[in-house]
1. Hey, among the residues in segment B:66-91 that are out of contact with any Gly (no Cβ under 9 Å at 6 or more places or on another chain) and more than 30 Å from B:Glu159 (Cβ to Cβ), which one's surrounded by the most Cβ atoms within 10 Å (Cβ to Cβ)?
2. If A:Met66 satisfies every condition in (1) touching a residue at least 60 places away in the same chain (Cβ under 8 Å); (2) not in a strand (DSSP E or B) but one, which is the exception?
3. Test of understanding: among A:Ala235, A:Ala227, which residue is free of Cβ contacts under 8 Å to residues at least 40 places away in the same chain, under 14 Å from A:Cys302 (Cβ atoms) and away from chain B (no Cβ under 14 Å)?
4. For A:Arg48, state whether it is of a type in the set (Lys, Arg), farther than 21 Å from A:Leu142 by Cα and modelled with pLDDT under 95.
5. Which one of the conditions (1) touching a residue at least 40 places away in the same chain (Cβ under 8 Å); (2) under 22 Å from B:Gly73 (Cβ atoms) does B:Ala259 fail to meet, given that it meets all the rest?
6. Give the residue that is farthest from the chain's Cα centre (by Cα), with candidates limited to residues of segment A:304-330 that are of a type in the set (A, V, I, L, M) and either closer than 17 Å to A:Val211 by Cα or more than 11 Å from chain B (Cβ to nearest Cβ) (or both).
7. Tally up the residues in segment B:289-315 that are closer than 30 Å to B:Leu355 by Cβ and crowded, with 18+ Cβ neighbours inside 10 Å, please.
8. Filter segment A:266-289 down to the residues that are surrounded by fewer than 19 Cβ atoms within 10 Å (Cβ to Cβ) and of a type in the set (A, V, I, L, M, F, W, C), then identify the one that is farthest from the other protein chains (Cβ to nearest Cβ).
Amino acid sequence: MSDFDLIGHDDVADLARGAAVLGTGGGGDPYIGRVMAEQAIRRHGPVRVVQLADVPDDALVVPVGMMGAPAVMVEKLPAGHEPARAVAALAEVLGRTPTHVACVEAGGVNSMIPITAAAELGLPLIDGDGMGRAFPELQMMLPTLEGVAATPMALTDEKGNSLVLRTVDNRWGERLARPATVEMGASAATAIYPMDGAQAKRGLVPGTLGVARDLGARLARARREHADPVAEAVAALGGFELLRGKVVDVSRRTTGGFVRGRAGLEGTGEWAGHTLALGFQNEHLVAERDGAVVASTPDLICVLDAETGEPVTTEAMRYGFRVAVLGIPCHPRWRTDEGLDLVGPRYFGYDHDFVPVERLV
Amino acid sequence: MHIGIDVGGTNTDAVLMEGTSVVASVKRSTTADVTSGIVDALAGLAAEQRFDPKAVQAVMIGTTHFTNAVVSGDGLARTGVLRLGLPAGAGIPPMSDWPDHLADAIGRHVHQAHGGHEFDGRAISDLRPAELRRIAAELGEAGVRTVAITSVFSPVTAEAEIAAAEIIAAELPHVKVSLSHELGRIGLLERENATIVNAALLDVAEHATEAFRRALAGSGIDAPLYLSQNDGTLMDIDYARDYPVATFASGPTNSMRGAALLSGLSDCLVVDVGGTTADIGVLVGGFPRPAGAEVEIGGVRTNFRMPDVVAIGIGGGSLVHTGNGPLRVGPGSVGHRLTSEARVFGGGTLTATDLAVAAGIARIGDPALVADLDPALVRDGLEHIARRIAETADTMRTSAEPLPMVLVGGGSVLVPGALPGFETVLRPEHASVANAIGAAIAQVGGEVDRIYSLGGRDRGAVLDEARQEAAQRAVVAGARPASVRVVEVDEVPIAYLPGDSVRVRVKAVGDLELNTVGQEVGAS
């Protein structure tokens, strides 16, 4: 994606659409983030994009995102400056000015928030992110595997409060930041995992913003030309179609603030006669076709509206939806033992080991 | 007895109903003033079946009038927009994503003020009366006729919205106000947009409801008048004057509900074949299955619940392409010019209707004009139509269980009585006026949509509370208490909130309580 060096106003919609797919059912509706990013670019000009390989080793890279409930974010909209204030609050305790902004995750609303921060702060944005997808908890970042600490981290709300945390490890960061976010009204901006350029090159997934932008553009074109958006997504992401069909059953329950659920699908067309069960916790985590696992976390399981190619979030998943389910290989470092400890099927309570999607289908 | 009327862009249909039986039905042209088209249709009903206008107990109207006003931008009021929630929301001011022509049509009188709530009802900031009085003064200067007020999390608590409305009303006594908690669900921008559109329509609504009233009075009918809403329930005319957006997309809902009555089925596929498209939807428990995604109206994002309908480009006026390549029907159509351009009417264009006439399954126009058509072409064309409809209908099914199909609409003759994969295909009597019938049989409803924090409370008790509130709202809206039942309970746990938070949506509906005078007449 070497041609990708600037995010202009007209790139945002494509990027948001592609990032929603990479959100694998979670990460929140990027619509609010999209409108904010477009406004920030209108006000401050396009955002400069830097490829990960071009980041100097002594750079100070700060990933940025929102923490909280996506369902709250669509109602209580941000004041607008929270992400930039979070970066500023972190810079203050670090005693250094950040040189680059990055995305904590490539999926959903968090692909958009760093654009607003970069535009407002006049900093370049790294084409890459900390997950190559979306995950629900803050320690679930690839830099964790490189020994990068999540803290010091800053949380800011729309009222002007800011909070800086220093914790003994990244899971403690999650434990302390989560209730603080709720007290702030269940929606806060965060600047987190400050790292130098060398750590960023080892820890972040390169090129994900470019992938999201290209995917979004392909989906938009497919829709305009009445082509098959699902085939476009498979081609763009190098994945596999696991099933096309109808949602015939959805059940959900909440445990500890996280929604766990299961959706049953029945195949249609060339998939007629097959069934697929999706397990999700904010994101889609496991897909079983005809009773056998065909894809599981940390590989990406993306659910798209079969007609429009619009991604279907786990919250929106409803009886009667006509969808296609894709399985896409994740970044190879998630597939290491340490990676699977953090985000493998067993961490989420499933009783089976991870097997790469390309070997299962 | 009661009367259902569908005021569409082209036709005004009317039906006279006795209970759930159709006594008479007519189709007339819609007129620019709306009133005379309705008067004409009512006269047509009387010509078909004499009835005493005084014995009419209720009139229900389904209309696209308000949707059309938004799409065209005609007659919209200059509207002030006020959002409560600062400092939240400053990042995305109201109307940020509106199309220019519509934003210009209502002006850009946008203000944000303090107030509003968190997800759990805590205040984000306190309301500042002086700030609101200053905004009111500016809106007064700008000459707004209406004001739309939206507060953050007003579906959880409407306190801030109501308090602000009192201040605005005291400062600007002649201005009409729309409040968002009465119009929409969680999702600030979508609810705010619906509220602004509603406020902008208040003038149009006043004129249109007056036109409806005049039409009835001119026909000697003195019965309560209702308008149908997008969810298949009714609102009385006074409510419609204040909440015109609630009529949006009532058309597909009415035709599906009409199909349910005519066929006697509550769970079925409904295929409404018009001149240009076939609209396919699903009835579940007598109500259309709602669509999941956001719906744009005139380019504005809203979160109305619309029926889940898939349209394919096949209707009575669809063009039949016989050139090189395989035979195709649609999506192009001669539309309302069918009676001049189709072959059976002496025109030169081969349409789907011509195929049906040539095959002897439809009787309109002059069959002699299509007698020369190749029987193989006729057969292939009709098979193509049947296959396309069957394929699309199949994707709307949610289980392998056999699901009957009901055909309605003027173009339903194109579809044969047997379709691959569908055991039962019905084309009931009066199918061409299913819209008006759907309006006539609409019920009244009440809805609750709120985030509950279970926090140790029993989930069943919370759901019961929501059910009772929805039922109570249906009764307040005019439902006969004994007939009220809960038709929909949707419970979605919310991620990243403490105390097992859950968003609960409950809808209750009941039969309209016909007025006592009417009941006496009906019983005599």
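The values are calculated or read from the model by the stated rules, or taken from the named source; none is laboratory data. Here the structure is a predicted model, which means the values were calculated and not measured. Cβ atoms come from the backbone with ideal geometry, glycine included; neighbour counts cover every protein chain shown.
1. Looking at residues that are out of contact with any Gly (no Cβ under 9 Å at 6 or more places or on another chain) and more than 30 Å from B:Glu159 (Cβ to Cβ), I get B:Gly75.
2. With respect to (1) touching a residue at least 60 places away in the same chain (Cβ under 8 Å); (2) not in a strand (DSSP E or B), A:Met66 is out only on (2).
3. On inspection, the qualifying residue turns out to be A:Ala235.
4. no
5. Every listed condition holds for B:Ala259 apart from (2).
6. Taking the candidates together, the pick is A:Ala324.
7. 6
8. For segment A:266-289, the residue satisfying everything is A:Ala277.
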